[in-house]
Amino acid sequence: MVSSFCVVCPYSSIRSRHYTCYVPSYMISRDSSSSSSSSPSWTTSSNKNNEAPQAHDGEALQTLFSKQCDQDGLMTKDMLQNIPVIAELLEDGDLLMAEFNDIWEAAPKFPTCPERIDVDSFVQIYRDIDDLFEDQDDREEGVVENTQLVPEDDTDQEELEAMFVQIANTNGLVSKQALLEWEEISKLLSDGLLSRDEFEEIWRKAPKTNDELINVEGFQSFNTALDDLFDFEEEDDIAVESPLSESTTRNEMVDGSDLPPAVLFAALANEDYLVGMEELKRWSELQEMLEDESLLPLELESIYDNMPKAQGVDLLDEAGFVALYNEIDSLFEEVVDDDEDEEKQPSAETSLANEAKVQLLALMDQINSDRDRLPCGLESTEREEKVVMDIVNQLEQAPSNVVTQKKGNIQLTDMAGSWELLYSSSSAMKFNKGLSGLGGSVPNGKFAGLVQNLQASKYMTDVEYIERIEVNPSSASFDVIVSGDWDLSQSVSLFTGKPSTIMTVEPARVMYGPTSTRADHWKSLGPMNMLDLTYLDDDLRVMRGNTSTDTIFVFRRV
């Protein structure tokens with residue numbers, strides 16, 4: 001059985017093939033005659049009557065997978081190799097066995113069966129094969145002449161080329177943003193081992209195309225400069241041995257808890273009386289904020305980038321540092337509610353609202369306590385759905401509704417936190433038996449609950465869904481994690497004509513076990529990507545479908 005959700009991949013049509021210096025060496029070394037116009041297109045193979053689905057046709061790919069997979073909805077390497085269109089490519093020499101083996105090894109395997117792949121990995125493999133082929137008409141545009149790279153260390157060179165291929169675009173080039181998102185670089189930045197200034201300097205010196213992109217040679221140059229940077233730092237560490245040296249004094253941590261910003265700046269400043277990201281590492285309070293995650297590295301970088309700099313350098317003078325100090329301090333100021341101390345006598349409406357909330361939570365507990373049914377109301381009865389709808393209608397009119405109190409002017413911080421999904425009447429979630437659909441496609445697996453984590457600050461808004469999939473045996477159970485961005489906007493309801501607050505979610509990645517894929521493959525996430533906020537209090541939130549007001553989601557803060 002295959003997953004009930006549809007995987008849609010925006011891949012280009014596969015036609016003829018050419019080789020450039022940005023592909024791995026085993027591909028470059030092939031006789032260039034294989035890329036001539038006589039190469040067969042694998043979108044249609046009329047000679048052998050094997051039709052290959054277009055790479056962008058997700059439904060056709062899923063159909064192809066369902067015809068070739070085993071009874072568990074999974075596929076082995078031999079089964080993949082024997083799919084007619086792939087077998088034909090291998091037989092004709094248009095796809096080398098070495099290439100096929102590399103693509104298979106790189107594809108994520110199923111969590112409980114590392115020798116097989118699921119439909120999502122199949123689509124990824126199909127895409128990777130697709131990426132080996134490009135339109136013949138594009139051969140004259142920006143294609144670098146074939147050049148066999150001869151590395152000093154073959155193993156390191158192959159690894160570097162493999163990394164390049166993973167992050168390069170379809171034209172075999174890498175952007176600055178792609179490098180920043182590359183796991184190796186992002187980890188160095190988040191760990192503080194590489195500063196943003198150092199990254200910018202290395203990127204500036206790397207050879208680029210007219211479009212400010214780098215090819216494999218530029219990628220090599222970038223990595224060489226990165227290695228040299230750490231070699232240089234090691235030499236500096238060895239050279240600084242004297243406890244009386246000025247460098248040692250500058251490396252000491254600075255306690256700024258009792259210091260005015262200007263005095264703290266003087267203690268942190270370098271020999272040019274300026275402060276950069278390196279100098280900020282010596283500010284002990286700031287490092288504590290980063291360690292306990294009350295301030296995230298990306299937030300610090302964003303604040304730093306927006307501060308006025310000294311002339312000609314990416315460093316802060318005293319005025320810029322004071323502005324940064326105040327900006328960080330403002331993130332932790334307590335918001336005082338003017339009405340906080342006003343005591344109100346509970347009205348009859350308030351009492352009814354409280355009673356409605358108690359009834360709703362009691363009904364949620366009753367629905368979710370039935371272990372023979374899926375949680376979150378995915379298998380609730382029509383009668384239960386009607387009762388939930390009636391109670392929600394009462395709650396939305398209650399004076400305790402923050403949405404009503406603020407006239408829809410809800411801030412991101414009002415909703416930030418962790419929320420457990422108690423109930424959903426979404427027909428899509430019922431059909432997919434969960435959010436991702438994996439609960440209905442994994443053998444002996446089922447959906448076991450969902451938590452939504454919302455983070456919000458002045459500079460970033462991140463969302464994370466954690467969907468639990470229980471599998472028999474329980475040791476095989478796993479979490480599906482969906483990450484992305486979220487935001488709130490004001491609009492007017494198409495159905496009521498009244499102002500409404502819309503929560504939009506843009507999923508970026510879906511991860512489970514060793515699998516990590518782009519979220520745009522997963523149509524099943526759609527029902528929660530745009531919802532109207534209709535009720536909110538300290539620990540309860542109700543959302544309705546933006547285009548289907550009968551679709552309800554009830555969340556409880558955890």
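Annotations
- Summary value for region 462-558: 18 percent relative contact order, contacts being C-alpha pairs under 8 angstrom separated by 6+ residues.
- Based on C-alpha pairs under 8 angstrom that are at least 6 apart in sequence, region 385-481 has a relative contact order of 20 percent.
- Listed by chain and number, the lysines whose alpha-carbon sits under 17 Å from that of LYS433, ignoring those within fewer than 8 places in the same chain, are LYS446, LYS523.
- For region 391-543, the alpha carbon positions stretch 48, 37, 27 Å along the principal axes, listed from largest to smallest.
- For region 506-555: relative contact order, % (alpha-carbon pairs under 8 angstrom, 6 or more apart): 22 percent
- Paired Rg and Dmax values of region 258-318, which use every Cα atom, in angstrom: 11.7, 34
- Spatial separation of Cα centroids for region 77-123 and region 429-485, in angstrom: 27 Å
- Translational diffusion coefficient (Stokes-Einstein; Kirkwood radius from C-alpha pairs) of region 61-138 at 37 °C, 0.692 mPa s, in µm²/s: 253 µm²/s
- Straight-line reach from LYS187: taking Cα to Cα under 27 Å and skipping same-chain neighbours fewer than 8 places apart, the lysines in range are LYS109, LYS176, LYS205, LYS208, LYS281, LYS309, LYS458.
- Over the C-alpha trace of region 397-446, radius of gyration and Dmax come out as 16.6, 48 angstrom.
Computed from the coordinates by the stated procedures, all read-outs in this text should not be read as laboratory data. Please read these numbers as outputs of a predicted model, since none were measured by experiment.
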